Amino acid sequence: STFINANLLLLLMYDGNELIRRVAMELYIRRVYRSFSVKNMTIEADDLAVQWTFSLRDTVDCSNLPIRNGYMILLPSLETMKETLPIAMSRAARVLNKSSGFS
């Protein structure tokens, strides 16, 4: 089912192999944003962070579609959330402030 697949991808994002982490992150974003057109994606597997741009799927006139930005960062654990969440929020704000829209 979709729920099981998404949970499996989340687990694979913490795998020890960087290639597996990268692929899991990309597949997760593309799956969640499948109703949108993902334009580009930058994955920082070491930091467990992904940045991407997207828009609505192309229609008859796609020249007026706004480009939006998304940013996802995975926190290492709930135990470290107090220390890592402010850093993650600061990084996300820097990335998303470069654009007018965000996810």
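Data overview
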quantity: Qualifying positions in the range 12-36 - under 17 Å from residue 76 (Cβ atoms) and free of Cβ contacts under 8 Å to residues at least 12 places away in the same chain; calculated: 15, 16, 17, 20
quantity: Checking residue 65 against (1) hydrophobic (A, V, I, L, M, F, W, C); (2) open to solvent by less than 50 Å² (accessible area, probe 1.4 Å); (3) within 23 Å of residue 5 (Cα to Cα), the condition it does not meet; calculated: (3)
quantity: Those residues of the range 44-57 which are farther than 12 Å from residue 74 by Cα, of a type in the set (A, V, I, L, M, F, W, C) and open to solvent by less than 80 Å² (accessible area, probe 1.4 Å), in sequence order; calculated: 52, 54
quantity: Any hit, the range 15-34, residues being at pLDDT 90 or above, open to solvent by less than 30 Å² (accessible area, probe 1.4 Å) and out of contact with any strand residue (DSSP E or B) (no Cβ under 8 Å at 6 or more places or on another chain); calculated: yes
quantity: Qualifying residues in the range 37-52 (those that are of a type outside the set (Gly, Ala, Ser) and in contact (Cβ under 8 Å) with a residue 24 or more places away in the chain) - the one farthest from residue 91 (Cα to Cα); calculated: 39
quantity: First in the range 79-93 and closer than 12 Å to residue 47 by Cβ and open to solvent by less than 50 Å² (accessible area, probe 1.4 Å), second anywhere and among the hydrophobic types (A, V, I, L, M, F, W, C) and in a helix (DSSP H, G or I), Cβ under 6 Å, 6 or more apart; calculated: none
quantity: Sole exception among (1) open to solvent by 60 Å² or more (accessible area, probe 1.4 Å); (2) assigned to a helix (DSSP H, G or I); (3) closer than 24 Å to residue 89 by Cα for residue 9, by number; calculated: (1)
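The values are calculated or read from the model by the stated rules, or taken from the named source; none is laboratory data. In this text the structure is predicted, and so the values were computed from the model without any measurement. As a convention, Cβ positions derive from the backbone with ideal geometry for all residues, glycine included, and neighbour counts pool all protein chains shown. The accessibility values were calculated without ligands, DNA or RNA, using every heavy atom of the protein model including side chains. Shrake-Rupley method; radii C 1.70, N 1.55, O 1.52, S 1.80 Å.
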